[in-house]
Amino acid sequence: MRVTQIKLREIELSLREPFVISSGWMDVRRILLLELEDEDGVTSWSECVCGSRPNYSAETVDTARLALREWLLPRVLGVEIAGPEAVRDLLNDGVQGHPMAKAAIEMGFWGLSAQAQGVSLSQRIGGERDTVATGISIGIQDSPAALAAKAQAAVDEGYRKVKLKISPGLDIDFVRAVREALGPDQDLAVDANAAYTLADAKTLAELDAFDLIMIEQPLAAGDLYRHARLQEQLNTPICLDESIIDIASAEDMLSMEAGRIVNIKPGRVGGFLNSIGIHDVAQAAGVPVWCGGMLESGIGRAYNVALASLPNFLLPGDLSPSARYWAQDIVTPEWTMSEDGFVNVPRSPGLGVEVDVDRVESLTLKSETFAPDTAAV
Ligand code: OSB
Ligand code: MG
C-alpha cells in the first residue's frame, strides 16, 4: 500500500462532564485526527489519543503534532509499504518514544487496509466477537454519596463493569459507599493512575474487603518490580495500564507476576501490532486482557471496539457509547450500548462508522496536509 496524503487536524470537543483522575483532569478534549489517502483515492481516519497535559503519559497533543510532522509522517508518505504489519518497525527505526503519535499512523494504516480490502476492521485483525461487553470509568467525585449515585445510575443503564477512579485519601470510604449501594454481585474495579507507593500497601490491602475484580495501576508506570511485591500482599488482582508499553513489558509483567490482568490501550502501546502481540502473550499465559479508553471520539472508539473483538478480551472494556462523553459525536451512527451493556462490532468495511466531515470541519482548530517529500502543503 502507498499513502500519498495525510491531513492532520486538531479538533476540540467538550466533554459533557469534567473527568477527574488522580493525576489530573479534563473538560475539553483536544484531539488530533489523521485522514489518510492512498494512491487509489481510498481514505480512512484515525485518532491520536494524547491528552493536552502530560499527566497520564509524557506525550501531549503538542508533542505528538511535532513528532508526526517532523519525524513520523515523512517515514510513511509516498512509501510502498507491504501492509499495516510493517508500519510499527518503520516508525520505530531511529525514533524513540512517541507511542501515541506512532499509533495514530499505524492504526490509520490498519483502517485504510480494511477499507481497501472491503472488510471490517475487526475482520482485518482476526476479531471473533459480534458484540463487546462495556464498562464505565467514573472519575473522582466530591463525596462517597455522589460517587455511589453515579455508579448506581451506570448499573441502571446496563454497564457490565463499574470502575472507580481513586487517589490517596479518596479511596476506602468512596469504594465502601459504592459497594454498599450496588450490592455484592456487581463487578467493581478501581483505577489509581499510579498515585500510590509501596508504602501504601496496607491501605491498598484494605480494599480486599470490597471484593474488587481488580486494582488498576496502583504504582508508578516503571514500577513492575514493586507491583510484583505489592501483588504478593493483596488478594485483589492488579491490572496494569500505564506500565504496559510494548510486548516486552507485558512479558516482564507476566514473568514477574506483577499483575494478573492487562489493560490494552492501542495508543499507549504504539498501535495494533503491539496490541495484538500483548493480547497473544497474555492469552498464552492464561491472563485476561480488556480494552482501556482515553476518552476517544467515535473514530478512536472504532479501533478500540474492533480490537476488543479479539478472543482474549475477556473483561468489559472502557468502551462507553458516544453519549456518555459528548453532546454530539463526530461519527454516524454514533456508538450506542444495548440495555444489557454491549456495543456492536461493525461488520461493514473499514471503521464501520462514517465521519461527519462537516462537523469535524466546524470543530477544527488547525489543519495541515502532508504529502511525500514536502513540508505541509
Ligand atoms: O487510566 O484508564 C485510564 C482516561 C484518560 C486517561 C486515563 C484513563 C482514562 C479512563 C477513561 O479511564 C476511560 C474511557 O475512555 O471511558
Ligand atoms: Mg487506567
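Out of S143, P168, N312, whose Cα points farthest toward the positive end of the dipole of the stretch 123-344 (charges: +1 Lys, Arg; -1 Asp, Glu; placed on Cβ)?
Sorting the options by dipole projection puts first N312.
Read phi for every residue in the stretch 330-337 and hand back ³J(HN,Hα) as whole Hz from Karplus 6.51 cos²θ - 1.76 cosθ + 1.60, θ = phi - 60°, with x for Gly and Pro.
Each residue of the stretch 330-337 in turn: 9, 10, 10, x, 5, 6, 10, 10 Hz.
I'd like the carbon and sulfur percentage of the solvent accessible area for the chain, probe radius 1.4 Å, heavy atoms only, ligands and nucleic acids excluded.
Answer for the chain: carbon and sulfur cover 48 percent of the accessible area.
Residues with amide H under 5 Å of E47's amide H, sequence separation 5 or more or different chain, H placed in the peptide plane at 1.01 Å from N; which?
Close amide H contacts, sequence-distant or interchain: L34.
Once phi is turned into θ = phi - 60°, what whole-Hz ³J(HN,Hα) does the Karplus curve with 6.51, -1.76 and 1.60 give for every residue of the stretch 68-79, x standing for Gly and Pro?
Each residue's phi maps through the Karplus curve to give 4, 5, 7, 10, 9, 4, x, 5, 10, 5, x, 8 Hz.
Helix 272-284 versus the longest principal axis of the chain: what is the Cα-based angle in degrees, 0 to 90, to the nearest 10?
It works out to around 40 degrees.
Please return the longest range in the chain lying between exposed loop sites, taking GluC sites (Glu not before Pro), DSSP loop only, at most 16 other beta-carbon atoms within 10 Å, and leaving the sites out.
129-256
Of the options A103, V119, V79, report the single residue whose Cα projects farthest towards the positive end of the charge dipole of the stretch 25-120 (beta-carbon charges: Lys, Arg +1; Asp, Glu -1).
After comparing all options, I get A103.
For A323 and W25, calculate 0.36 nm times their separation in residues minus their Cα-Cα distance, and state this gained length in nm to one decimal.
105.3 nm
Compute the acute angle (0 to 90°) between the alpha-carbon long axis of helix 144-157 and the principal axis of greatest extent of the alpha-carbon atoms of the chain; round to the nearest 10°.
60 degrees
Please state the charge dipole magnitude for the stretch 123-344, taken about the Cα centre, from unit charges on C-beta atoms (+1 on K and R, -1 on D and E), reported in debye and rounded to the nearest 20.
Using only the charged Cβ atoms, the result is roughly 240 debye.
When we measure straight from the Cα of K161, which lysines land under 22 angstrom away, once same-chain ones fewer than 8 places off are left out?
K150, K265
Can you give the angle from 0 to 90° between the axis of helix 298-307 and the longest principal axis of the chain, with both taken from C-alpha atoms, to the nearest 10?
Approximately 70 degrees, to the nearest ten.
Roll a 1.4 Å probe over the protein chains and send me the accessible area per residue for the stretch 123-344 in Å². Can you show the working numbers first?
Values: 7860 Å² over 222 residues.
Per-residue value: 35 Å².
Got a sec to turn the phi values of the stretch 137-143 into Karplus ³J(HN,Hα) couplings, 6.51 cos²θ - 1.76 cosθ + 1.60 with θ = phi - 60°, whole Hz, x for Gly and Pro?
Result, rounded to whole Hz: 10, 9, x, 5, 10, 5, 8.
For A153 and D62, calculate 0.36 nm times their separation in residues minus their Cα-Cα distance, and state this gained length in nm to one decimal.
Answer, rounded to one decimal: 29.2 nm.
Mind checking the dipole of the chain: about its Cα centre, +1 per Lys or Arg Cβ, -1 per Asp or Glu Cβ, Debye to the nearest 20?
On the way: 32 positive and 55 negative charges, 56 e Å.
My answer is approximately 280 debye.
Nearest 5 percent is fine: what portion of the DSSP beta bridges confined to the chain is antiparallel?
Of those bridges, close to 60 percent are antiparallel.
The values are calculated or read from the model by the stated rules, or taken from the named source; none is laboratory data. Since this is a predicted model, take the numbers as computed values, not measurements. Please note: Cβ atoms are built from the backbone with ideal geometry, for glycine as well, and neighbour counts cover all protein chains shown. Ligands, DNA and RNA are excluded from the accessible area calculation, which covers all protein heavy atoms including side chains. Shrake-Rupley method; radii C 1.70, N 1.55, O 1.52, S 1.80 Å.
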